[in-house]
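The values are calculated or read from the model by the stated rules, or taken from the named source; none is laboratory data. As the structure is a prediction and not an experimental result, all values here were calculated from the model. Every residue, glycine as well, gets a Cβ built from its backbone with ideal geometry; the counts of neighbours run over all protein chains shown. Areas reflect the complete protein model, heavy atoms only, side chains present, ligands, DNA and RNA absent. Shrake-Rupley method; radii C 1.70, N 1.55, O 1.52, S 1.80 Å.
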2 protein chains.
Amino acid sequence: MRQDASPRQGQRDTASVTLQDIAAHAGVSRSTVSLVLRESPLVAERTRSKVQRSIKTLGYVYNRGAAALRGSRTSTLGVVVYDIANPFFGAMVAGIDAALNREGYVSFLANSEDSPARQQRFLERMREHRVDGILLCPAEGTDPGLINTLSGWGMPCIQVLRHVGEPPFDYAGTDFHQGVCQAMDHLVALGHRRIAFLGGHYEHSATRERWQGYRESLERHGLTYQRLLRSTVTRRDGVAMIQQLMAESPAPSAVVCHNDLVAFGAMLGLRRLGLVPGADCAVIGTDDVEEASLGEPALTSVATHPHAIGEEAARLALRRIANPEGAREQVVLAPRLKVRDSCGATRPEPGATWTEPATGEHA
Amino acid sequence: MRQDASPRQGQRDTASVTLQDIAAHAGVSRSTVSLVLRESPLVAERTRSKVQRSIKTLGYVYNRGAAALRGSRTSTLGVVVYDIANPFFGAMVAGIDAALNREGYVSFLANSEDSPARQQRFLERMREHRVDGILLCPAEGTDPGLINTLSGWGMPCIQVLRHVGEPPFDYAGTDFHQGVCQAMDHLVALGHRRIAFLGGHYEHSATRERWQGYRESLERHGLTYQRLLRSTVTRRDGVAMIQQLMAESPAPSAVVCHNDLVAFGAMLGLRRLGLVPGADCAVIGTDDVEEASLGEPALTSVATHPHAIGEEAARLALRRIANPEGAREQVVLAPRLKVRDSCGATRPEPGATWTEPATGEHA
DNA sequence: TGGTGTTTTTGGATTGATCTAAAACTTAGC
DNA sequence: GCTAAGTTTTAGATCAATCCAAAAACACCA
């Protein structure tokens with residue numbers, strides 16, 4: 001109820017052009033402008049272009065906050081990973097970003113550092129911000145009931161890479177089971193009979209799948225040597241585990257590793273023992289991170305395509321938001337074994353297999 | 001103006017407890033509840049605890065969207081990097097996340113892929129979401145006027161690592177100039193007289209600083225050999241550049257590299273030529289990424305502390321939001337040279353200098 | 001010309017918080 | 001007991017959009 005008619009009297013904020021102002025300028029109602037903005041087919045072509053011209057002229061900026069208050073969508077998503085400094089997650093987040101960007105969504109990112117408490121704090125904050133959904137790589141030790149809690153909050157949750165709780169739930173990841181089988185089959189075909197598996201905690205779904213793949217492969221090929229070492233999954237663990245194993249009798253002739261970091265550690269450990277990775281003991285990693293194709297020897301690895309997983313997860317989230325009651329989906333990508341030198345299959349002269357990925361620059 | 005008194009009649013949404021409902025339950029007004037939520041000292045202790053009890057009982061969830069509409073803060077920030085898959089940025093984002101988390105802020109993340117167009121789209125979206133500020137690692141080719149544009153939009157912008165436009169602006173980064181000087185001084189002290197610099201585009205502030213550091217160091221030490229090769233900054237570039245240099249006469253006895261990736265490439269290139277990094281040609285990188293301390297030989301590198309830069313940048317952003325008209329700040333961290341094997345200064349037996357960083361696990 | 005059926009457009013209520021200025025309640029002093 | 005000052009609390013307007021139901025504009029045909 002402004003006494004005088006002049007619109008911007010008190011404040012000279014440039015950023016305060018509203019629907020109302022557009023409506024006045026174009027000589028239509030607020031509602032019509034709103035319809036134009038949302039590209040409704042209801043509004044006539046002449047009106048539409050007239051309104052659009054006013055929008056341009058006045059330099060209007062859509063206020064998503066206000067829209068979200070009345071409407072039902074915020075066009076935002078929460079993304080939780082447990083180690084953003086890991087390039088694997090970097091690539092995954094890049095995939096998520098690419099897929100969301102195409103649909104006009106933006107995402108809040110949080111790094112849980114594998115702490116359920118931090119994860120919980122962030123999720124509560126996301127709830128206050130009314131995000132339309134959550135992409136969650138659950139932190140170690142996450143309460144299995146969390147997914148139901150989130151669903152009770154009305155926040156659809158897509159689990160990524162790991163999952164907790166009972167199916168059905170939405171999930172996007174890689175078939176770790178199959179990945180390990182591929183690695184095992186390859187080693188068996190090369191003649192290996194004593195193959196060990198290195199690394200992983202029991203708590204994770206992703207770890208259980210790998211171990212299951214290992215045990216099943218042993219059985220399928222009728223191998224009796226079985227050696228599975230638990231650990232956290234750093235380079236240092238790789239070094240320690242391979243040194244322990246090589247001191248045993250009989251020692252393994254090949255190892256499959258939980259991820260590439262463990263594999264790098266294993267190779268380093270072998271070298272310290274005066275052994276040659278690929279010749280004295282074959283090494284296969286998981287993930288196929290950028291450094292895998294470099295180094296001496298180049299690491300054979302099961303590629304898990306983090307960028308693609310990110311895209312799939314994001315797309316699944318958008319599907320779930322559009323249709324909250326739809327059947328839960330599990331998107332599981334097939335991994336692919338990238339054979340290089342560390343498994344002893346190839347032994348080219350130096351430089352012959354040089355393939356450089358195009359990414360990885362900065363500043 | 002509900003006709004009947006019963007509050008949740010139409011919809012049975014659990015998630016729709018509002019200030020109004022709390023007020024009714026506690027027997028106070030909406031305003032009082034709002035004051036309690038914002039921890040205002042105005043409200044009496046008795047009332048406060050009564051209201052707090054109602055909040056707990058009814059399971060109220062704060063609606064930040066509604067608060068942001070009326071108030072002036074959204075408690076959100078936009079973060080733009082150009083390559084989130086690069087572990088350097090991963091660490092930086094982790095630092096940002098840690099600092100923001102402490103203050104109740106959350107951040108939107110976008111990956112510009114060094115495309116000014118993508119960057120622009122994201123910034124416009126951030127404007128629609130009314131973020132309180134922006135942390136920007138400007139994409140290559142960013143219009144120098146962008147910072148002023150953002151300031152015209154009322155979005156404070158902190159530039160990170162790189163900067164465009166004219167000072168004064170808010171900035172957080174590393175002293176690249178000093179970093180290169182440290183590396184050069186070290187090499188000169190080891191007796192090197194022919195030192196080359198590898199990599200970088202001209203467009204970036206960060207690159208210009210490095211080159212300036214290189215040229216100044218040469219002058220200060222009275223060195224006449226000068227060789228500066230431009231390039232993008234991948235491993236492949238490192239390989240190509242070192243091979244070109246070693247074919248020249250005289251060849252350099254040491255190289256300082258734009259970042260660690262280029263340095264890894266340079267070491268690989270040397271090995272392909274049958275030369276030993278550190279013995280036949282010293283190599284120093286920049287960033288001190290995780291892999292630097294591993295590998296053969298371990299890479300001497302100028303540590304640029306990405307996590308700390310992220311924290312500083314985030315803190316600066318919060319300061320600027322609290323005081324938009326305050327003097328612009330430049331937070332420039334000092335880099336530190338980490339001497340390892342690749343510069344030939346040390347030559348320990350294998351395994352003696354093993355230091356494993358604690359991070360880097362996944363899934 | 002009037003009735004009918006479609007397109008378009010619109011006012012008013014609504015979303016859930018904050019802001020402002022004023023009202024209600026304490027306490028103290030004379 | 002009454003006023004003044006200080007402390008708490010409150011009603012109503014406001015922020016900038018969307019939703020809904022109803023009104024207006026238009027087209028078509030008997």
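Below is a table of values for the structure above.
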| quantity | calculated |
| --- | --- |
| For the protein assembly as shown, share of DSSP beta bridges that run antiparallel, in % to the nearest 5 | 10 |
| Size of the B/A contact, given as accessible area buried on both chains, probe 1.4 Å, in Å² | 6600 |
| Heavy-atom accessible area per residue - the protein assembly as shown, 1.4 Å, Å² | 44 |
| Coordinate range along principal axes, alpha carbons of chain A, Å, largest first | 93, 46, 35 |
| Estimated dipole of the protein assembly as shown in Debye, rounded to 20 [Cβ of Lys and Arg +1, of Asp and Glu -1, Cα centre] | 2460 |
| Set of aspartates and glutamates near A:Lys50 by C-alpha distance (under 12 Å), chain-local residues within fewer than 8 positions excluded | none |
| Loop-located chymotrypsin sites (Phe, Trp or Tyr not before Pro) in region B:156-210 whose Cβ has at most 15 other Cβ within 10 Å (DSSP) | B:Tyr202 |
| Protein-protein interface of region A:125-151, residues with accessible area decrease of at least 10 Å², isolated chain reference, 1.4 Å probe | A:Arg125, A:Arg127, A:Glu128, A:His129, A:Arg130 |
| B:Val17 long-range amide H proximity, modeled H, under 5 Å | B:Val61 |
| Portion, in percent, of the accessible area of region B:19-62 that falls on carbon or sulfur, probe 1.4 Å | 50 |
| For residues of A:203-209, the mean tally of beta carbons on other chains within 10 Å | 1 |
| Cβ-derived FRET efficiency at R0 56 Å, B:Glu128 paired with B:Glu219, nearest 0.05 | 0.65 |
| Alpha carbon convex hull of the protein assembly as shown, projected area averaged over orientations, nm² | 37.4 |
| Two-site label geometry, A:Glu203 and A:Thr149: point separation in nm, points 7 Å out along Cα→Cβ | 1.5 |
| Among B:Gln178, B:Leu223, B:Leu294 - extreme Cα towards positive end, dipole of region B:176-303, charges at beta-carbon | B:Leu223 |
| Carbon plus sulfur fraction of accessible area for region B:176-303, probe 1.4 Å, in percent | 48 |
| Nitroxide proxy distance, nm - points 7 Å out along Cα→Cβ at A:Asn323 and B:Glu103 | 4.3 |
| Prolate/oblate/rounded call for region B:176-303, Cα gyration tensor, a/c under 1.5 rounded | rounded |
| Where labels lie 7 Å past Cα in the beta-carbon direction, separation of B:Ala345 and A:Arg70 in nm | 6.5 |
| Nearest-20 debye value, region A:289-338 charge dipole, Cβ charges on Lys, Arg, Asp, Glu | 260 |
| Helix A:116-128 vs. chain A, principal-axis angle (Cα, 0 to 90°, nearest 10) | 20 |
| Amide H partners (placed H, <5 Å) of B:Gln159, local residues excluded | B:Leu136, B:Asp170, B:Tyr171, B:Ala172 |
| Against the rule of thumb 2.2 N^0.38 Å, how large the Cα Rg of region B:19-62 comes out | 0.97 |
| Residue among B:His307, A:Val51, B:Ser205 farthest towards the positive dipole end of the protein assembly as shown, charges placed on Cβ | A:Val51 |
| Rel. contact order, % - alpha carbon contacts under 8 angstrom, at least six apart, region B:19-62 | 40 |
| Segment A:Asp185-A:Leu275, extension gain: residue separation times 0.36 nm, minus the distance between their alpha carbons | 30.0 nm |
| Other protein chain Cβ atoms within 10 Å, averaged over every residue that makes up A:231-238 | 4 |
